[in-house]
Amino acid sequence: MFIPTFFILFLKGILVGFVIAAPVGPIGILCIRRTLAGSYALGLFTGLGAAFADTFYGAVAGFSLASIADFIKHYDFYLRFFGGIVLAWIGFTIFRAPPRMNTAEEMDGGTLLHGFTSAFLLTVSNPVTLLVFAVAFAAMGISPVQDSLFQAYALVLGVFVGASAWWLSLSTAVQVMHHKLSDKQLLWINYSSGIMLFGFSAYMLLSLI
């Protein structure tokens, strides 16, 4: 049975997007903590911010956009420095945050926008993601598909679907279980999350030396 090339690329994009999003790093910790704090939407929007950033890097690798890749590599130091500082600040705020969010103000659209943009900027601030996508595409036998824009779009759309599927699965699973946790347990999760984010921040900043 003949399967169109663009559909194969779409499926490969889904697999790559899911696998790259799945390791629990700083964004995973943010997604889990924000969902546990009582906002499923905030946790999901945090994941979607990361999914959009992954899609951006997937597009750069898939379309072989050399000018953008050169720009990212040129400003690698500043991107990492910015990401490390923001990560440290988020870790500090999580460490001091109450175990649950209860007020309407904490749940409003502005908070959702903040969750999305903070995750997007943190993910984009790590240019290593571009290299990871390049390696993943090579491992899947995918070469830059700039000769066919339709195929390139299919690949990038697949990356977005795959990454979004992971974040939807993670935030949903955490939402299902968070009602079973006490405030004291959630408080310790806050402390642990804050410390781990500080650790990621320290690693990013020390890598600049």
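May I ask you to order 4-12, 121-129, 151-159, 42-50 by the average number of other C-beta atoms within 10 Å around their residues, highest value first?
Those peptides, ordered most packed to least, come out 42-50, 151-159, 121-129, 4-12.
Rank these for me by crowding, Asp76, Asp54, going from fewest to most other beta carbons within 10 Å.
Ranked by crowding around the Cβ, least crowded first: Asp76, Asp54.
When a footprinting reagent is the concern and you count Cβ atoms within 10 Å, what order do Ile27, Ile209, Ile32 take, fewest first?
Listed from fewest to most nearby Cβ atoms, that is Ile209, Ile32, Ile27.
Bear in mind that the values in this text are calculations on the coordinates, not laboratory data. Every value quoted in this text rests on a predicted model; they were computed, and no experiment measured them. Note: ideal-geometry Cβ built from the backbone for every residue, glycine included; neighbour counts use all protein chains shown.
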